[in-house]
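Everything on this sheet refers to the single structure shown next.
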Amino acid sequence: MLLSDIFLPDTIKIYSGNVSKDAVFEELVDSIASRHKEIDSHLLYDLILEREWVMSTAIGNDKGNSKIAIPHAVYPRSKAIFGALAISRNGIDYDTEGLQTKPVHLIFLLVLGSEVMEEHLRIMSSIVSLAEKDFFTQLYGVKTAVEASQLLRSNNL
């Protein structure tokens, strides 16, 4: 499964101003629930927050590079993988439990069906490997959700 099959234009959100992590999660969850009627947005939101409470999903290094986050949850009534993507020019404060973390500029939110757990590891690995290819810099430069989707597709992602 390609990332461009998971992160579709109507589930990609671009933020130019300041926005909270919770507000982004809520909007991304709502975009998934709007597209996939079997998803209950309140349940999914709670599942995402539960996962974040266990351990932050922010990934990155401390050498000044922008961090990404891959919040994810297993949705009990689904057999597929769904996703939503947030791109933030200013960065999203991803402070977790008082830890001082750098802002997150990309959030790849994944909803995983219980039958596709092995596939989700491949997808998460694909997302993390994009940092090595400097793909995130290109993604930061897009102006629209359609552009972001086309960038994913044109790179066979």
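The numbers here are math on the coordinates, done by the rules we state, and not lab data. None of these values were measured; they are calculated from a predicted model. Here the Cβ positions follow ideal geometry from the backbone for every residue, glycine too, while neighbour counts run over all protein chains shown.
Here are the numbers:
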read-out: Per-bin percent of Cα-Cα distances, segment 3-154 [10 Å]; value: 11, 45, 37, 7, 0
read-out: Pairs from Lys67/Lys133; Lys37/Lys102; Lys21/Lys79; Lys79/Lys143; Lys13/Lys102; Lys79/Lys102 whose Cα-Cα separation, in the structure shown, is over 24 Å; value: Lys37/Lys102; Lys21/Lys79; Lys79/Lys143; Lys79/Lys102
read-out: Ranking of Tyr94, Tyr140, Tyr15 by count of other Cβ atoms within 10 Å, fewest first; value: Tyr140, Tyr15, Tyr94
read-out: Karplus-derived 3J(HN,Hα), 6.51/-1.76/1.60, for each residue of segment 138-147, Hz, glycine and proline x; value: 5, 5, 4, x, 6, 9, 9, 5, 5, 4
read-out: Magnitude of the charge dipole, the chain, Cβ model with Lys/Arg +1 and Asp/Glu -1, debye to 20; value: 480 debye
